Number of protein chains: 2
Amino acid sequence: MKNVPYKLYLPEDKLPDAWYNLRADMPEQPGPMLHPGTGEALPAEALKGMFVGTLAEQELDETNRYISIPGGVMDYYKTFRPSPLCRAYHLEKALDTPAKIYYKFEGNNTSGSHKLNSAVAQVYYAKEQGLSALTTETGAGQWGTALSMACAYFGLDLYVYMVKVSSQQKPYRMSVMRTYGAEVIPSPSGTTEIGKKILDENPETGGSLGCAISEALERAAKTENCRYVLGSVLNYVLLHQSMIGLEARAAMEILGEYPDIVIGCAGGGSNLGGLIGPYMRDKLTGKANPRIVAVEPMSCPSLTRGRYAYDFADTGMTTPLIPMYTLGSGYIPHPNHAGGLRFHGMSPILSKLYNQGHMEARSVGQRPVFEAAQLFCKYESILPAPESSHAIRAAIDEALLCRESGEAKTILFGLSGTGYFDMTAYSSYLDNSMSDYRPSDEDLEKSFATLPQI
Amino acid sequence: MKNVPYKLYLPEDKLPDAWYNLRADMPEQPGPMLHPGTGEALPAEALKGMFVGTLAEQELDETNRYISIPGGVMDYYKTFRPSPLCRAYHLEKALDTPAKIYYKFEGNNTSGSHKLNSAVAQVYYAKEQGLSALTTETGAGQWGTALSMACAYFGLDLYVYMVKVSSQQKPYRMSVMRTYGAEVIPSPSGTTEIGKKILDENPETGGSLGCAISEALERAAKTENCRYVLGSVLNYVLLHQSMIGLEARAAMEILGEYPDIVIGCAGGGSNLGGLIGPYMRDKLTGKANPRIVAVEPMSCPSLTRGRYAYDFADTGMTTPLIPMYTLGSGYIPHPNHAGGLRFHGMSPILSKLYNQGHMEARSVGQRPVFEAAQLFCKYESILPAPESSHAIRAAIDEALLCRESGEAKTILFGLSGTGYFDMTAYSSYLDNSMSDYRPSDEDLEKSFATLPQI
């Protein structure tokens with residue numbers, strides 16, 4: 001094994017030039033999207049009406065293993081990629097573990113997370129198709145920021161519907177998006193019929209992600225040359241995010257290393273799916289057998305306590321049905337839950353792989369997560385996003401098991417982003433006003449009742 | 001010339017292993033610090049009582065050209081260094097300029113700026129000396145954050161006196177420092193005699209940097225095993241910051257490039273001094289003759305409109321006197337001035353070099369600076385700090401001159417940090433509530449009147 005630097009950046013000419021499409025190696029495909037009214041599989045043409053054309057094709061593609069990254073996407077990728085593969089020497093020493101801990105750090109860009117990987121691709125294809133505007137919703141703001149950055153560069157208009165209460169709590173996130181030229185609309189708003197209706201009924205509402213999605217969809221439908229785009233869950237998002245795993249695997253190969261365990265946090269699945277892609281391929285093709293671990297919040301446990309079923313992607317129950325582990329589209333995490341990873345479901349690709357026993361999942365409480373985050377930033381200098389800190393928690397736990405067993409395992413985890421805009425959550429941890437919330441079985445039964453009957 | 005990547009990271013084993021001490025090559029030394037009462041040069045022993053011992057030695061060192069970076073400092077440097085040398089391909093294209101624009105990006109760490117380079121060194125030496133605590137003041141919060149990170153890693157206590165109005169405007173900055181274990185005290189506070197006195201006289205005051213410095217000094221004097229440290233202006237700070245220029249020069253050498261113009265923003269001088277070090281050496285030793293340009297805000301024009309004189313470093317007029325370009329220690333930038341670069345003086349090293357004609361200086365208005373920042377983030381993806389955007393403005397202006405003249409000059413500027421915690425300033429730019437303020441000659445005459453008579 002070679003001398004391992006603290007951070008390894010692939011040379012620019014060694015960047016992957018194609019995304020990896022995990023479905024080409026899956027023994028069984030996730031089911032198709034279904035029309036919520038008829039229960040019929042949505043044909044390609046229907047998807048093309050909803051999504052940017054090339055993205056709809058990518059969404060359905062089960063056969064092409066590698067898909068070339070267009071030059072225009074690469075040109076922007078190179079402003080923030082490669083992201084570094086880092087060796088957590090200081091953390092290892094602090095934990096007194098024989099384990100080797102690596103992490104792939106996706107937070108070194110202004111969006112603060114991996115979301116930019118897919119945003120760039122989506123806006124590129126939208127522009128190629130001749131679209132002039134996009135709409136989306138954002139909660140915490142990472143996806144909205146990433147999309148703003150890409151739209152600024154490619155010259156498309158962007159309307160971001162931001163959950164009103166988030167826009168009030170995170171005015172700086174709004175300013176970042178505005179600096180990149182996006183129009184940020186606190187939702188519910190008077191710019192859509194659904195927004196007006198909700199405001200009429202409840203003028204004081206702080207909004208919800210479900211409402212913001214509905215407004216963004218309506219705005220896209222009413223705006224010429226415009227589409228609604230989203231940043232997680234879908235197959236094409238995981239495709240773009242495969243950059244994370246491809247770079248990680250290439251960098252570790254240079255070092256003569258291969259992980260025994262690959263760990264990622266999981267909300268809608270974009271980060272986890274991107275990180276594990278090439279490793280899952282090794283597993284599915286019998287080339288290697290790393291453990292693959294999804295980490296989710298105890299307060300939103302779609303994989304560990306959800307049902308594998310067809311469900312809506314939005315709380316408004318307007319989207320096509322997708323096959324996934326879900327808590328029911330009516331599930332709302334406890335108000336004490338900080339940060340992201342609050343989606344009720346999970347990427348269909350990851351759901352199928354989990355269902356077939358190709359990966360593990362665990363859930364962790366919020367306070368142990370922030371405890372891990374604080375330890376991490378002390379020794380590794382980076383202040384991690386609450387989401388990413390779920391993976392840190394699991395990586396530390398695995399490293400501590402190695403200390404007990406004396407095994408020198410190689411651990412790779414995904415550090416999907418930084419927490420610079422999540423300091424409210426950190427403050428509540430520091431002030432001891434944060435709790436660990438675990439929904440009761442009764443809570444989950446209630447939200448499972450929102451599952452569609454098909 | 002080789003193929004130039006968007007970002008070039010030096011390999012870890014090519015990181016500079018010694019800081020460069022610019023004074024060893026200066027034809028004339030800046031004058032010594034003077035005792036404000038007697039006007040006598042402060043002897044080494046006096047400095048050692050005020051500063052960490054090794055730092056006092058470095059402050060006085062005029063002869064050692066290179067000073068080895070201790071292993072303990074390098075171990076932490078490697079968690080965030082090297083910083084990338086970036087080629088602004090997209091910006092060049094947008095400007096339609098034949099100029100080649102490079103920037104050295106120091107914002108890829110949680111402190112968000114170059115300040116961490118010196119913080120790590122200062123805390124390392126403090127620990128080596130057996131100190132157990134440090135105090136400092138912070139305005140915008142970058143220095144306080146950097147010092148918190150270093151103190152967390154090396155295990156020293158830290159008390160940060162943060163201007164009260166800043167702590168209220170930037171609660172997130174406070175939370176970041178607290179996450180790293182620092183105690184952040186809004187100043188004025190009841191923890192010091194001077195703080196109590198000010199609060200008694202004016203309970204509603206929002207505080208000032210001068211008051212925060214006084215409180216930090218008092219706290220250090222009253223705390224066992226404790227010193228006050230600061231992050232700019234001083235010679236030893238420029239020494240540690242030489243990492244910026246050393247890395248930039250080494251990276252450009254790999255590319256077969258050498259800058260015709262080196263541009264940096266200048267407040268107290270830590271960023272500019274660090275960036276230009278090796279290039280100034282080339283200039284002073286006749287090896288090359290790059291133009292070196294300091295860019296300062298029109299609202300705080302110490303180099304372009306200040307006097308070269310002995311002055312206090314603090315508004316409280318309690319520090320030793322230092323020889324520098326200054327607007328007078330009583331100078332306070334207009335309230336409309338956003339971001340940092342608000343120090344009334346300038347590093348003695350840079351002041352001497354400027355006085356002797358080895359570098360240029362210019363001042364720029366605030367709105368053109370934010371206009372440049374917005375253009376930059378659109379094309380180069382990074383949202384820059386307002387401070388750093390002064391250098392961007394000058395780099396763009398030089399590139400536009402090249403467009404007129406047809407010259408393909410090579411421009412290098414320092415992108416000292418990111419603006420993620422400065423969104424209030426961006427908002428006021430976006431909302432058109434920002435103005436360009438230029439102090440009148442009468443304003444400056446008034447503040448020159450605060451210069452000590454020695």
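Can you report the number of residues in the stretch A:335-370 which are at positive phi and touching a residue at least 24 places away in the same chain (Cβ under 8 Å)? Let's see the steps before the verdict.
Our first condition is that a residue be at positive phi; within the stretch A:335-370, this holds for A:339, A:341, A:357.
From what's left, touching a residue at least 24 places away in the same chain (Cβ under 8 Å): A:339, A:341.
Going through the stretch A:335-370 one residue at a time, the tally reaches 2.
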Return yes or no: is A:V184 out of contact with any Asp or Glu (no Cβ under 8 Å at 6 or more places or on another chain), more than 20 Å from A:N225 (Cβ to Cβ) and within 14 Å of chain B (Cβ to nearest Cβ)?
yes
Residues to consider are B:T54, B:T79; find the one that is in contact with a Phe, Trp or Tyr (Cβ under 9 Å, 6 or more places away or on another chain), under 17 Å from B:V237 (Cβ atoms) and not acidic (D, E).
B:T54
Members of the stretch B:219-234 that are of a type outside the set (A, V, I, L, M), more than 12 Å from the chain's Cα centre (by Cα) and within 25 Å of B:P32 (Cβ to Cβ)
B:R227, B:Y228
Before we move on, is A:S148 open to solvent by less than 40 Å² (accessible area, probe 1.4 Å), closer than 21 Å to A:A425 by Cβ and within 14 Å of chain B (Cβ to nearest Cβ)?
no
Does the stretch B:289-321 hold any residues that are open to solvent by 10 Å² or more (accessible area, probe 1.4 Å) and part of a strand (DSSP E or B), and which are they?
B:R291, B:R307, B:Y308, B:A309, B:Y310, B:F312
Single unsatisfied condition, B:M434 versus (1) outside any helix (DSSP H, G or I); (2) aliphatic (A, V, I, L, M); (3) at pLDDT 95 or above
(3)
Pairing a residue in the stretch B:428-454 that is under 30 Å from B:T319 (Cβ atoms) with any residue that is among the hydroxyl-bearing types (S, T, Y), where Cβ atoms lie under 6 Å and the two sit 6 or more apart in sequence or on different chains, gives B:Y437/B:S299; B:S447/B:Y331; B:T450/B:S329; B:I454/B:Y310
Taking the stated definitions as given, is A:S435 out of contact with any Cys (no Cβ under 7 Å at 6 or more places or on another chain) and either away from chain B (no Cβ under 14 Å) or surrounded by fewer than 16 Cβ atoms within 10 Å (Cβ to Cβ) (or both)?
yes
Residue pairs, Cβ under 6 Å, 6 or more apart or interchain, first in the stretch B:305-333 and closer than 17 Å to B:Q453 by Cβ, second buried (at least 24 other Cβ atoms within 10 Å of the Cβ) and of a type in the set (D, E). List them.
B:T326/B:D311; B:S329/B:D311
May I ask you to list the residues in the stretch B:388-401 that are farther than 14 Å from B:E296 by Cα, in contact with a strand residue (DSSP E or B) (Cβ under 8 Å, 6 or more places away or on another chain) and not small (G, A, S)?
B:E398
I'd like to check something: does the stretch B:340-361 contain any residue that is touching a Gly at 6+ places or on another chain (Cβ under 8 Å), in a strand (DSSP E or B) and crowded, with 20+ Cβ neighbours inside 10 Å?
no
Tell me, yes or no, whether the stretch B:73-96 has at least one residue that is surrounded by fewer than 16 Cβ atoms within 10 Å (Cβ to Cβ), more than 14 Å from chain A (Cβ to nearest Cβ) and at pLDDT 95 or above.
yes
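Here is a check on your reading of the model: is A:A119 within 12 Å of chain B (Cβ to nearest Cβ) and either aromatic (F, W, Y) or under 21 Å from A:T179 (Cβ atoms) (or both)?
Against the criterion (within 12 Å of chain B (Cβ to nearest Cβ) and either aromatic (F, W, Y) or under 21 Å from A:T179 (Cβ atoms) (or both)), A:A119 qualifies.
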Across the stretch A:10-60, what is the number of residues that are over 22 Å from the mean Cα position of the chain (by Cα), among the aliphatic types (A, V, I, L, M) and closer than 30 Å to A:I254 by Cβ?
1
Does A:I244 satisfy being in contact with an Asp or Glu (Cβ under 9 Å, 6 or more places away or on another chain), buried (at least 24 other Cβ atoms within 10 Å of the Cβ), part of a strand (DSSP E or B) and touching a residue at least 60 places away in the same chain (Cβ under 8 Å)?
no
Can you name every residue in the stretch B:170-183 that is touching a strand residue (DSSP E or B) at 6+ places or on another chain (Cβ under 7 Å) and under 13 Å from B:Q142 (Cα atoms)?
B:M174, B:M177
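Quick check, is B:S427 open to solvent by 10 Å² or more (accessible area, probe 1.4 Å), within 14 Å of another protein chain (Cβ to nearest Cβ), over 20 Å from the mean Cα position of the chain (by Cα) and farther than 17 Å from B:G264 by Cα?
Considered against the rule, which asks whether it is open to solvent by 10 Å² or more (accessible area, probe 1.4 Å), within 14 Å of another protein chain (Cβ to nearest Cβ), over 20 Å from the mean Cα position of the chain (by Cα) and farther than 17 Å from B:G264 by Cα, B:S427 comes out as yes.
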Applying the selection to the stretch A:9-48, what residues are open to solvent by 30 Å² or more (accessible area, probe 1.4 Å) and not in a loop (DSSP other than H, G, I, E, B)?
A:E12, A:D13, A:K14, A:A41, A:A44, A:E45, A:A46, A:K48
Within the stretch B:65-72, identify whether any single residue is β-branched (V, I, T) and in contact with a strand residue (DSSP E or B) (Cβ under 7 Å, 6 or more places away or on another chain), and answer yes or no.
yes
Does the stretch B:326-336 contain at least one residue that is touching a Cys at 6+ places or on another chain (Cβ under 7 Å) and within 14 Å of another protein chain (Cβ to nearest Cβ)?
no
Taking A:T110 and the conditions (1) closer than 30 Å to B:R87 by Cβ; (2) in a loop (DSSP other than H, G, I, E, B); (3) away from chain B (no Cβ under 14 Å), which numbered condition does it fall short on, given that it satisfies the others?
(3)
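Results for (1) within 14 Å of another protein chain (Cβ to nearest Cβ); (2) part of a loop (DSSP other than H, G, I, E, B); (3) hydroxyl-bearing (S, T, Y), shown as yes or no for each residue.
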| residue | (1), (2), (3) |
| --- | --- |
| A:Y153 | yes, no, yes |
| A:R173 | yes, no, no |
| A:K196 | no, no, no |
| A:G206 | no, yes, no |
| A:A212 | no, no, no |
| A:R219 | no, no, no |
Give the number of residues within the stretch A:120-145 that are surrounded by fewer than 24 Cβ atoms within 10 Å (Cβ to Cβ) and in contact with a strand residue (DSSP E or B) (Cβ under 8 Å, 6 or more places away or on another chain).
4
Of all residues in the stretch A:155-169 being under 13 Å from A:W143 (Cβ atoms) and not hydrophobic (A, V, I, L, M, F, W, C), the one that is least open to solvent (accessible area, probe 1.4 Å):
A:Y161
Index of the failed condition, A:A373 passing every other in (1) surrounded by 22 or more Cβ atoms within 10 Å (Cβ to Cβ); (2) hydrophobic (A, V, I, L, M, F, W, C); (3) without any contact (Cβ under 8 Å) to a residue 12 or more places away in the chain:
(3)
Given the structure, is A:A391 at pLDDT 95 or above, under 24 Å from B:G112 (Cβ atoms), more than 14 Å from every other protein chain (Cβ to nearest Cβ) and open to solvent by less than 10 Å² (accessible area, probe 1.4 Å)?
yes
Do we have any residue at all in the stretch B:376-387 that's farther than 30 Å from B:D61 by Cβ, more than 14 Å from chain A (Cβ to nearest Cβ), charged (D, E, K, R) and in contact with a strand residue (DSSP E or B) (Cβ under 8 Å, 6 or more places away or on another chain)?
no
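The values are calculated or read from the model by the stated rules, or taken from the named source; none is laboratory data. These numbers come from a predicted model, not from an experiment. All Cβ positions, glycine included, derive from the backbone under ideal geometry; neighbour counts span all protein chains shown. What goes into the accessible areas is simple: the full protein's heavy atoms, side chains included, and nothing from ligands, DNA or RNA. Shrake-Rupley method; radii C 1.70, N 1.55, O 1.52, S 1.80 Å.
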